[in-house]
Structure formats: C-alpha cells, structure tokens
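Here is the structure we will look at, set down as structure tokens.
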Amino acid sequence: MDVTRVRELTAAAERVVVLTGAGVSAESGVPTFRSGGGALTWRGMEATRLSSAELLASNLPLVWEWFEYRRGVLASCAPNAAHEALAAWQDRFPSFTLVTQNVDGLHSKAGSRDVLELHGNIGRGRCTRCGAREALEMPLATIPPPCSACGADLRPDVVLFGERLPFGVFEAAREAAERADLIFVVGTSAVVYPAAELPEIARRNGAHVVEINPEPSGIGGAHAVVVAGKAGETLPLI
Ligand code: OAD
C-alpha cells in the first residue's frame, strides 16, 4: 500500500475532488454492481437491465419492485468508516468536492454537505408528468406511487441506463475536476460514463490521481498512485 505517498500528496493539496462508487458502500453491506467478476442480479435479471430506461418505459411496476428491494436492503445499512473519513475531509482542504455515483445517500447520512449525486437518490421519486420530486416512504403503500402534486405515476429519481444525467450536476463535477490538484477515485470500476471521465479530466489539467480499490480499475493510467485496499480501512489512514 502506497499510503505514505498519498499522505504527502494530501498534505500538499488545496483543491481536492473525490469520486466514489459502489465500493465505498460495500463495507456498509450495500451490494456492488460488478465486484469480483460477477454482475449484480435480482430475479435472474442483471442490474443494468433492471435499471434501464427501456424497462421503465415497458414495465414501471417491475422497476419499482427492484428499487423497493434495493431500498429494503439499504434500510439496514449505515455509513461506514470510509463515509465518515470523507465527511471529515470537507473541512480539511481549502476546496473539497465530493462526487458520487451512488444513489444510497450514505455520504449525506455521514455528514457530507453538498454531495454531487451524479445518478440521483433512491430515497426520492420524480413525477413522470409534472417532474416534481418527493421523498418516498418505506415501504411504499402502492406501486407505482402517485405524485402528491398531480396524481400521476412517480418513477425513481435515479439516472437509469440510457438516460442523461440531471442538468448541472455533471457540469459542477467537471468544473471541480478541471480545477483540482488531487483527485481520489474510490470504489468504482470506472466503466460508466460520463462519471469515469472525471479522473481523466483532472489528470489532463495537472492533478495527481489516487485510486483506492481492492481490485484497482487502472483509471488514471501509469501515473496514478494506487492503494489496493478497502475504502473503510485505507481512507481513515490517509
Ligand atoms: P461497480 O459495482 O461497477 O464497482 C464497484 C467497485 O468497488 C469495484 O471496482 C470493486 O473492486 C470496488 N470495491 C469493492 N469493495 C470495495 C471496498 N471495500 N472498498 C473500495 N472499493 C471496493 O460500481 P460503480 O463503479 O459505482 O449506475 O458502478 C457505476 C454505476 O454503474 C453505478 O452508479 C450504477 C451502476 O450500474 C446507475 O445505477 C445509473
């Protein structure tokens, strides 16, 4: 583990960006999508199919059942040492931006403010007619749940495969990556775009790249400093 080198980089850094993925929540008991060579499945279908715009258009109730299953798993999950370490980092650097692909809300639960949630949040629904967003009860009384404003069906307020990211969120993340002098890539397989572009954007603009992952993705190329370890064990050391 190259923790000493990472500590040096961290001590000198002023504008830090952290990009997290499912691996940061793994030690909280949240299943990842692609760890260990296998894909996450439910009722025999892959998560990428279940979380797709195509399935939403053809079978909204099934998409809700999948999200209800995930919300049920999350109900018993709490932030871990990785989320807590990152929450403490927001007061450690002159500029700090936390960008996550996770929809589980665990960074905010740990106390992180202004988290850029690229893929939305599983705790909210969004109206398919009027676009209003609302927090969802757990468990849902009806599937699909109705919009409190207009009565139409809600959909999960999550970015699905085949959909664009919510306006403004990726732009804010890209700006932070362009200005960063250090970017951490934690617990992501870095295969889903445009999130996976952020380390590359930062690197092109002169930032150091640190990857933390027990099975490193290789993002950041030969120049990246790699800490091959679990987020909950290594982030507190840094
Ligand atoms: P993946 O499941 O693709 O990758 C999880 C990564 O976490 C893998 O590289 C693991 O090696 C790593 N990992 C596992 N345990 C870890 C630990 N304890 N500490 C650190 N790393 C660990 O998840 P994402 O890259 O987040 O999109 O997936 C990206 C997107 O694809 C998700 O946001 C989701 C998914 O389909 C949507 O839902 C739109």
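The values are calculated or read from the model by the stated rules, or taken from the named source; none is laboratory data. These figures come from a predicted structure and were not determined experimentally. Note that we place each Cβ from the backbone using ideal geometry, even for glycine, and neighbour counts take in every protein chain shown. Just the protein is used for accessible areas: all its heavy atoms, side chains included, with ligands, DNA and RNA removed. Shrake-Rupley method; radii C 1.70, N 1.55, O 1.52, S 1.80 Å.
List of remarks:
- Within the listed set Leu116, Leu136, Leu19, the Gaussian network model of the chain (springs between alpha-carbon atoms below 10 Å) gives the highest mean-square fluctuation for Leu136.
- Computed [θ] at 222 nm, helices only, for the chain once each DSSP H run of length n ≥ 4 contributes -39500 (n - 2.57): -8000 deg cm²/dmol
- Summed over the residues of the stretch 20-90 and divided among them, the accessible surface reaches 42 Å² per residue at a probe radius of 1.4 Å.
- In the complete set of protein chains, residue-level accessible area for Ser76 is approximately 100 Å², probe 1.4 angstrom.
- Candidates Phe167, Phe96, Phe67: whichever shows maximal mean-square fluctuation once the chain is modelled as a Gaussian network with Cα springs under 10 Å: Phe167
- Among the trypsin sites (Lys or Arg not before Pro) in the stretch 121-152, those placed in a DSSP loop whose Cβ has at most 12 other Cβ atoms within 10 Å are Arg129.
- Summarising the amide proton neighbourhood of Phe96: residues at separation of 5 or more, or on other chains, whose placed amide H is nearer than 5 Å comprise Val16.
- Under 5 Å, built H, 5+ apart or other chain: amide partners of Ala13: none
- Cβ-based charge dipole, the chain, positive-most Cα from Ser108, Pro156, Ser28: Pro156
- The stretch 119-153 and the stretch 189-238 have Cα centres lying 34 Å from one another.
- Note on the stretch 57-186: with neighbouring protein chains present and a 1.4 Å probe, carbon and sulfur make up 50 percent of its accessible heavy-atom surface.
- GNM on the chain, alpha-carbon springs under 10 angstrom: the most fluctuating residue among Val17, Val169, Val159 is Val169.
- Taking all protein chains as shown and a probe of 1.4 angstrom, Phe161 keeps an accessible surface of around 90 Å².
- Heavy-atom accessible area ranking, 1.4 Å probe, most first, across Asp91, Asp181, Asp157: Asp91, Asp181, Asp157
- Per residue, the stretch 159-238 exposes an accessible area of 46 Å² to a 1.4 Å probe, with every protein chain left in place.
- Taking the DSSP bridge list for the stretch 42-175 and keeping only pairs wholly inside it, about 75 percent are antiparallel.
- Only Lys, Arg (+1) and Asp, Glu (-1) charged, at Cβ; the stretch 149-238 dipole about Cα centre in debye: 100 debye
- Among the trypsin sites (Lys or Arg not before Pro) in the stretch 159-238, those located in a DSSP loop and surrounded by at most 11 other Cβ atoms within 10 Å of their own Cβ are Arg164.
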